[in-house]
Amino acid sequence: MAASIRALRFFFNSTPNIHHVSRCRIKHLCCRAGITGCRGYSDSTEGRSTHFGFQTVPEEEKAEKVYKVFESVAEKYDVMNDAMSLGIHRLWKDTLLHIMNPQPGLRLLDTAGGTGDISFRFLEYTHSMYDRQQRLRAKSRQTPSWQDITEHYVSDDAGPPQSRAVVCDINKEMLKVGKQKAETAGITTGLSWVAGDAEELPFDDDQFDIYTIAFGIRNVTHIEQALQEALRVLKPGGRFMCLEFSKVTNPLLARLYDAYSFQMIPVLGEVIAGDWKSYQYLVESIRKFPDQETFKEMIEDAGFLCVQYFNLTGGIVAIHSGFKL
């Protein structure tokens, strides 16, 4: 499997920068001829219901309710992530990047990217990879020929390949916080921010080398549609990666995790963010999300191949990966 994944990277190609675009694409463009799995936008959702945590709500109301949740918690979102997970969410995101192992020059779509954690890591990782590759080349030139010296100067003039990350999130308050973080950290090159819906991505087909969605897909109304959109915007050979809460595999850990989730996380939400209800929804939405195998099948049904998953912290979270071939 590892060999096949390495081989797939030969398909990755760099493409021009993405500029800011409008929040949603014109809907009829989503349904133009030839796009696979397009949901019929003319179909009315009236009368259909879905879950919002443990509540049952009309489909047309869920997106607005989720929007209000993240609008409410945006300012304290990162602080709460540290408090709820005792900082372990940072290790989960680092693991996502190490499994991804992105090379310099690739383009990332960080869907439901919120405050930019995955994109920041992606840009830092690809920059570190470039520096490492340069050091290895320097060691190999200990006794360079004239040809090596000439190639060295040519490659230096060309500069490093530019990795690019696009943070796409439906919630403008989350994007606002993310932009402020980027400015504070001095991250300006190769980073764009776009307001957009995971079910109606405002990008053309075959645009990205990697698509990530971290702790976001359980909040969309139609998971199948979000997966089909991910497939559409990825280039052939592109990789889908999802980091999401999942089902704990150890019975003892599951009981402890449930007790902590329902008794402590809403309390932390009230104390730190002044918002009990939003974090009650968070806990409930995790329990409503499909288990690892079910979600794997959903990714395969959307058209991805070589789908696999990795459990972290006993299955509290899982990383799912698949390829568009």
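Pull out the extension gain between Thr313 and Phe262, defined as 0.36 nm times the separation in residues minus the alpha carbon to alpha carbon distance; nm, one decimal.
Roughly 16.5 nm would be gained on extension.
With θ set to phi - 60°, apply the Karplus curve 6.51 cos²θ - 1.76 cosθ + 1.60 along segment 224-234 and write out the HN-Hα couplings as whole Hz, x wherever there is a Gly or Pro.
Using θ = phi - 60°, the values come out as 4, 5, 4, 5, 5, 5, 4, 4, 5, 7, 6 Hz.
Under 5 Å between amide H atoms, partner at least 5 residues away or on a different chain: which partners does Ser246 have, H built in plane at 1.01 Å?
Val317, Ala318
Sorted by packing (mean other beta-carbon atoms within 10 Å per residue), highest first, where do 242-253, 185-196 land?
Final packing ranking: 242-253, 185-196.
Mind ordering 265-271, 103-109 by average Cβ neighbours within 10 Å, highest first?
Output ranking for 265-271, 103-109: 103-109, 265-271.
Within the accessible area of segment 185-319, what % is carbon and sulfur when the probe is 1.4 Å and the other protein chains stay in place?
Numbers: 2760 of 4980 Å².
Roughly 55 percent, rounded to a whole number.
Could you pull the Cα extents of segment 157-245 along its three principal axes, largest to smallest, in whole Å?
Sorted largest first, the three principal extents are 44, 32, 24 Å.
Subtract the Cα-Cα distance of Ala138 and Lys172 from 0.36 nm times their separation in residues, and report this length gain in nm to one decimal.
7.8 nm
Return one quarter of the surface area of the convex hull spanned by the alpha-carbon atoms of segment 172-311, equal to its mean projected area, in nm².
10.2
Hey, what do the phi angles of segment 108-122 turn into as Karplus ³J(HN,Hα) couplings, whole Hz, using 6.51/-1.76/1.60 and θ = phi - 60°, x for Gly and Pro?
Per residue, the Karplus-derived 3J(HN,Hα) values read 10, 10, 9, 6, 6, x, x, 8, x, 4, 5, 5, 4, 5, 4 Hz.
The values are calculated or read from the model by the stated rules, or taken from the named source; none is laboratory data. Remember, it's a predicted structure, so these values are computed and weren't measured experimentally. As a convention, Cβ positions derive from the backbone with ideal geometry for all residues, glycine included, and neighbour counts pool all protein chains shown. Quick note on the areas: whole protein, heavy atoms, side chains included, nothing else; ligands and nucleic acids left out. Shrake-Rupley method; radii C 1.70, N 1.55, O 1.52, S 1.80 Å.
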